[in-house]
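Since the structure comes first, as structure tokens, the remarks are kept for the end.
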Amino acid sequence: MKKDYNFIPIGFPLFIVFLVFLFLLLSILVFLYTGGIVAVFARLGFSPAIGFLLFLFTLIGSAINIPIKRLKSKVPLIQERVVNFFRGSYRVLVVISEDILVALNVGGALIPIIISLYEFIRMLVSGHFIQILITIISVIIVSVFCHMFAKPVKGVGIAIPFFLPPFITVLVAFLLARGNFDGIFLTGILSVLLI
């Protein structure tokens, strides 16, 4: 007698309702998230359509890396592979690469740099020199803190705890642009974009 231990703990119709509910919930969360991003771009002076396009280009561009330079690594990148031979499995270390590829990510670096340059030029033309100074100081402070916590990770690159840059940026923007909500907002956004 064959026993089947794989089963869904709820009925099929309820399971379909659960999947539809999950899809709707995820759709609402994505809509709220993209709406928030578009609102941030609107605060920076972009129209909602341009803000949505920038958000879309940033998402698509996050999968695109532009190679800049190849460096020779002091330590080769080694990966463990399993080789099956005569009913036995053996773990073998294989050298994958001895090169380090330095690349520029389109969504994570190039587009934010372009947006930051646009904002700096806009602030320069409108005469917000104090705001530019505060932004430059905050970028330097956040960069120093991020550099202190960034560590090289084998096979990944330079890694930093994901919550640290935004947290430090908001803290520095709040301390340097106190009493000026637009100043806090612009300083924080530009610091995140430049980092």
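The values are calculated or read from the model by the stated rules, or taken from the named source; none is laboratory data. Quick caveat: nothing in here was measured; it's all calculated off a predicted structure. Cβ atoms come from the backbone with ideal geometry, glycine included; neighbour counts cover every protein chain shown.
A quick yes/no check of all residues on (1) in a helix (DSSP H, G or I); (2) at pLDDT below 85; (3) assigned by TED's automatic domain parsing to the domain that holds I115; (4) more than 19 Å from the chain's Cα centre (by Cα):
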position	(1), (2), (3), (4)
I137	yes, no, yes, yes
G155	no, yes, yes, no
F162	no, yes, yes, no
T169	yes, yes, yes, no
A173	yes, yes, yes, yes
R178	no, yes, yes, yes
I184	yes, yes, yes, yes
T187	yes, yes, yes, no
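Quick one: in segment 59-76, which of the residues that are modelled with pLDDT of 85 or more and part of a helix (DSSP H, G or I) is surrounded by the most Cβ atoms within 10 Å (Cβ to Cβ)?
Filtering segment 59-76 for residues that are modelled with pLDDT of 85 or more and part of a helix (DSSP H, G or I), the one surrounded by the most Cβ atoms within 10 Å (Cβ to Cβ) comes out as G61.
Condition check: in contact with a helix residue (DSSP H, G or I) (Cβ under 7 Å, 6 or more places away or on another chain), at pLDDT below 85, closer than 23 Å to A173 by Cβ and not in a strand (DSSP E or B). Does F41 satisfy that?
Yes: the conditions hold for F41.
Hey, could you check segment 85-127 for residues that are under 19 Å from S47 (Cα atoms) and of a type in the set (S, T, Y) and say which is farthest from the chain's Cα centre (by Cα)?
The qualifying residue farthest from the chain's Cα centre (by Cα) is S126.
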